[in-house]
Amino acid sequence: MEKPTGSALMEKLVALCRRRGFIFQSSEIYGGINGFWDYGPLGAELKNNLRDWWWESMVHNPPAGPEGRAIEIVGIDCTIISHPKVWEASGHLGGFADPMQTCRQCKRLFRADHVPDLLEESAWVKSFFAAPDLKRWADKDGKKLAPGLALVRNFAATLPKIGLATDQAGRLRAAAGGDPCPECGGDLTEPRQFNLMFETWVGAVRDDEAKAYLRPETAQGMFFNFKNVVDSTRVKIPFGICQVGRSFRNEVTPRNFIFRSREFEQMELEFFVHPDEANLWYQYWRDTRFRWWQDLGLAGKNLRIRDHDRDELAHYAKDSGGCCDVEYAFPFSGEKGFTELEGIAYRSNYDLTQHQNVSGARLEYFDQDRNERYLPHVIEPAAGLTRGLLAVLCEAYTVDPTRPSPELMRFHPRLAPIKAGVFPLVNKEGMPEIAEQLYADVRRQVGPAQYDAKQSIGKRYARMDEAGTPFCVTIDGETVTDQTVTIRDRDTGNQIRVVLDQVVPYLRERVGRR
Ligand code: GAP
């Protein structure tokens with residue numbers, strides 16, 4: 001049995017995530033709500049570990065900068081709702097929109113640029129192209145799978161138009177009488193711009209004055225707090241401000257599990273530099289962020305960095321080092337093969353200029369070393385925490401039919417939600433007492449652990465493998481006499497004997513506890 005790919009892999013992964021308490025559909029007992037996901041006990045730990053690793057590598061212990069200089073980054077934590085003028089200044093109110101199409105038959109909404117992929121996955125499209133006889137198909141399968149399709153609703157008038165089409169896309173359009181709906185086969189409206197901002201009202205009166213928005217990105221908090229941070233800390237250019245937090249986008253077609261959701265988490269850094277050094281720092285962050293994802297275990301052929309083509313660049317990045325994406329080969333990445341995990345953008349001084357103009361506050365920085373006043377330029381590595389989590393889950397999912405659990409999660413030990421399983425081989429002969437003491441020590445000094453005395457040792461290993469626990473420690477008959485235990489490695493299945501009082505240091509070193 002090999003590791004499945006594509007939608008088969010996603011099905012297995014989603015099922016494992018639910019079964020083992022990584023990720024649940026939000027409000028599942030009410031039928032769920034599209035685009036919202038909850039993180040269960042293992043998922044919350046895994047997400048926190050990924051977040052903490054990012055924070056550690058940004059705020060507490062960032063790598064040395066170019067030429068080996070130490071760099072300075074401070075972390076902040078801003079509100080989800082801010083003054084609505086923030087979004088006027090950032091351009092989100094005017095321009096943060098996706099083209100949307102509505103099905104005239106079933107009324108569903110689709111992001112226009114997602115329609116081709118959705119059609120490729122659509123059950124009715126596959127069945128339509130496989131049908132040897134379109135009349136029989138329209139009367140039977142077509143009625144069930146594509147009740148909105150013009151060919152199904154009005155066979156005689158539609159069939160001749162299909163005959164005129166020269167390629168597959170043309171046949172589909174002819175069968176639908178326009179852009180086809182991936183769900184019911186109906187025809188889609190022309191694309192219209194749809195703003196992705198979630199609206200709310202602040203206070204008791206629901207009028208335009210009270211209108212506010214849930215943030216669609218965490219980045220703006222770093223810009224409108226730029227002056228506060230400069231005035232209240234000792235940071236000097238070049239320096240960064242970063243935060244991790246929730247963002248909200250009313251995505252037209254949330255899809256692919258937690259990849260594109262309506263509520264998600266981001267980890268964003270705004271790194272402020274002198275304009276003359278922008279290209280140097282852009283290159284630094286491009287390399288550093290790629291390496292960070294590799295260090296987590298996404299190394300190899302599933303990870304790549306892609307520089308944007310010139311026509312993809314935002315207007316403020318056109319004259320600079322540019323923008324790039326760290327991309328991962330998600331199982332649903334389709335023909336392109338890779339999709340975005342993190343964007344690294346050179347944003348010039350666009351955002352500070354906008355906030356200065358709209359707020360009227362002076363945001364220039366006085367550079368004592370250069371004796372110069374200027375609006376700093378910005379390099380922005382903007383990563384998705386929840387999207388990163390999905391990449392980690394996809395990479396970790398492993399199939400090994402020779403094990404008691406044929407599915408296991410090979411997380412980096414530092415990310416693993418449970419660091420060690422602690423088992424007494426049998427529930428007698430002094431073993432539970434030693435195991436309970438060790439369990440308490442591991443929890444206190446290493447991290448989350450699980451005590452398990454139920455069923456065979458093989459079944460206990462299987463439970464831990466599925467949860468991605470890197471080590472299992474077993475207290476057996478020998479422990480009672482010579483104070484040694486076995487430690488089993490999740491990835492190799494190998495066991496070594498270690499002296500009891502060396503278990504905690506052994507585990508601490510391997511799970512990245514300093
Ligand atoms: N401040 C820049 C910014 O927000 P972005 O490319 O729109 O840039 C950055 O978002 C990252 O946030 C993306 O690379 C992705 O990982 C994550 N992200 C964006 N929209 C998302 C969504 N709907 N669901 C999950 N993650 C999302």
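The values are calculated or read from the model by the stated rules, or taken from the named source; none is laboratory data. All values reported here derive from a predicted model rather than from experimental measurement. When we count neighbours, we look across all protein chains shown, and the Cβ atoms used for this are built from the backbone with ideal geometry, even at glycine. The protein model used for the area step is the full one, side chains on, heavy atoms only, and it has no ligands, DNA or RNA in it. Shrake-Rupley method; radii C 1.70, N 1.55, O 1.52, S 1.80 Å.
What 222 nm value per residue comes from the helices of the chain, counting each DSSP H run with n ≥ 4 as -39,500 (n - 2.57) and dividing by all residues, nearest 500 deg cm²/dmol? Walk me through the intermediate numbers first.
Working: 20 runs with 179 residues, N = 514.
Computed ellipticity for the chain at 222 nm equals -10000 deg cm²/dmol.
From the phi angles alone, apply the Karplus equation (6.51, -1.76, 1.60; θ = phi - 60°) to the stretch 8-23 and give each ³J(HN,Hα) in whole Hz, x where the residue is Gly or Pro.
Result, ordered by residue: 5, 5, 4, 4, 4, 5, 4, 5, 5, 4, 6, 4, 9, x, 7, 9 Hz.
Farthest toward the dipole's positive end in the stretch 1-66, which of Ser7, Trp37, Trp55, given Cβ charges of +1 (Lys, Arg) and -1 (Asp, Glu) about the Cα centre?
The one lying farthest along the dipole's positive direction is Ser7.
Roll a 1.4 Å probe over the protein chains and send me the accessible area per residue for the stretch 127-181 in Å².
Values: 3140 Å² over 55 residues.
Averaged over the residues of the stretch 127-181, the accessible area is 57 Å².
Cross-link candidates for Lys143: which lysines have Cα within less than 24 Å, leaving aside residues fewer than 8 places away along the same chain?
Lys107, Lys126, Lys135, Lys161
Can you give the FRET efficiency to the nearest 0.05 for Gln437 and Lys459, using r as the Cβ-Cβ distance and R₀ = 30 Å?
Working: r = 24 Å, r/R0 = 0.79.
Result of the calculation: an efficiency of 0.80.
Can you give me the Cα centroid spacing of the stretch 1-65 and the stretch 193-271 in angstrom?
Here the two parts' Cα centres lie 21 Å apart.
What is the distance in Å between the Cα centres of the stretch 385-421 and the stretch 279-305?
Between the Cα centres of the stretch 385-421 and the stretch 279-305 lies a distance of 21 Å.
Projected onto the charge dipole of the chain (+1 at Lys/Arg Cβ, -1 at Asp/Glu Cβ, origin at the Cα centre), which of His274, Leu118, Asn225 gives the Cα projection farthest towards the positive end?
Checking the options against the dipole of the chain, the answer is Leu118.
Spelling out what I want: for every residue of the stretch 283-295, take phi, set θ = phi - 60°, compute 6.51 cos²θ - 1.76 cosθ + 1.60 (Karplus), and round to whole Hz; glycine and proline get x.
4, 4, 6, 4, 6, 5, 5, 5, 4, 4, 5, 5, 4
Let me check against my output: what whole-number percent is the relative contact order of the stretch 317-416, with C-alpha pairs under 8 Å and at least 6 apart?
That works out to 21 percent.
Using 0.36 nm times the number of residues separating Ala361 and Lys12, minus their current alpha carbon distance, what extension gain do you get?
On the way: separation 349, 0.36 × 349 = 125.64 nm, distance 5.27 nm.
That pair, Ala361 and Lys12, stretches by 120.4 nm at full extension.
Before I look further, what does the stretch 260-398 give for accessible area per residue, probe 1.4 Å, in whole square angstrom? Write down the numbers at each step before the final one.
On the way: 5540 Å² over 139 residues.
With the other protein chains kept in place, the stretch 260-398 gives 40 Å² per residue.
Kindly sort Asp307, Asp77, Asp179 by accessible area of their heavy atoms, largest first, with the probe set to 1.4 Å.
On the way: Asp307 80, Asp77 130, Asp179 50 Å².
From most accessible down to least: Asp77, Asp307, Asp179.
DSSP loop (so not H, G, I, E, B), at most 10 other Cβ within 10 Å: list which trypsin sites (Lys or Arg not before Pro) in the stretch 12-70 pass both filters.
Taking the stretch 12-70 and a limit of 10 other Cβ atoms within 10 Å, the loop trypsin sites (Lys or Arg not before Pro) found are Arg69.
Going Cα to Cα from Lys227, which aspartates and glutamates come in below 20 Å? Please leave out same-chain ones fewer than 8 positions away.
Leaving aside aspartates and glutamates fewer than 8 places away in the same chain, those within reach of Lys227 are Glu72, Asp77, Glu88, Glu217, Glu268, Glu270, Asp351, Glu364, Asp367, Asp369, Glu372, Glu380.
Using a cut-off of 21 Å between alpha-carbon atoms, which lysines can reach Lys428, once sequence neighbours fewer than 8 places away in the same chain are excluded?
Lys454, Lys459
From Cα pairs below 8 angstrom and at least 6 apart in sequence, can you work out the relative contact order of the chain, rounded to a whole percent? If you can, show how the numbers build up before the last one.
Details: 932 pairs, mean separation 67.7, N = 514.
Relative contact order for the chain comes out at 13 percent.
What distance in nm lies between label points placed 7 Å from Cα along the C-beta direction at His83 and Val202?
0.9
Which residue, Pro160, Gly148, Pro132, has the largest displacement toward the positive end of the dipole of the stretch 131-172 when charges sit on each Cβ (Lys, Arg +1; Asp, Glu -1)?
Gly148
Express the Stokes-Einstein translational diffusion coefficient of the stretch 415-457 in µm² s⁻¹, to the nearest whole number, given a Kirkwood radius over alpha-carbon pairs, 20 °C and a viscosity of 1.002 mPa s.
Working: Rh = 10.7 Å.
Translational D for this selection: 201 µm²/s.
Please compute the length gained on full extension between Lys126 and Lys107, using 0.36 nm multiplied by the number of residues separating them and subtracting their Cα-Cα distance. All intermediate terms of the calculation are to be shown ahead of the outcome.
Values: separation 19, 0.36 × 19 = 6.84 nm, distance 2.19 nm.
Here the segment from Lys126 to Lys107 would lengthen by 4.6 nm.
If contacts are Cα pairs under 8 angstrom and at least 6 residues apart, what is the relative contact order of the stretch 187-339 in percent? Could you put the intermediate results ahead of the total?
Working: 176 pairs, mean separation 24.2, N = 153.
The normalised contact order for the stretch 187-339 reaches 16 percent.
Place the peptides 247-258, 295-306, 262-273 in order of packing, highest mean first, counting for every residue the other Cβ atoms within 10 Å and averaging per peptide. List each step's numbers first, then the result.
On the way: 247-258: 20.5, 295-306: 15.2, 262-273: 23.2.
The densest-packed peptide leads the list: 262-273, 247-258, 295-306.
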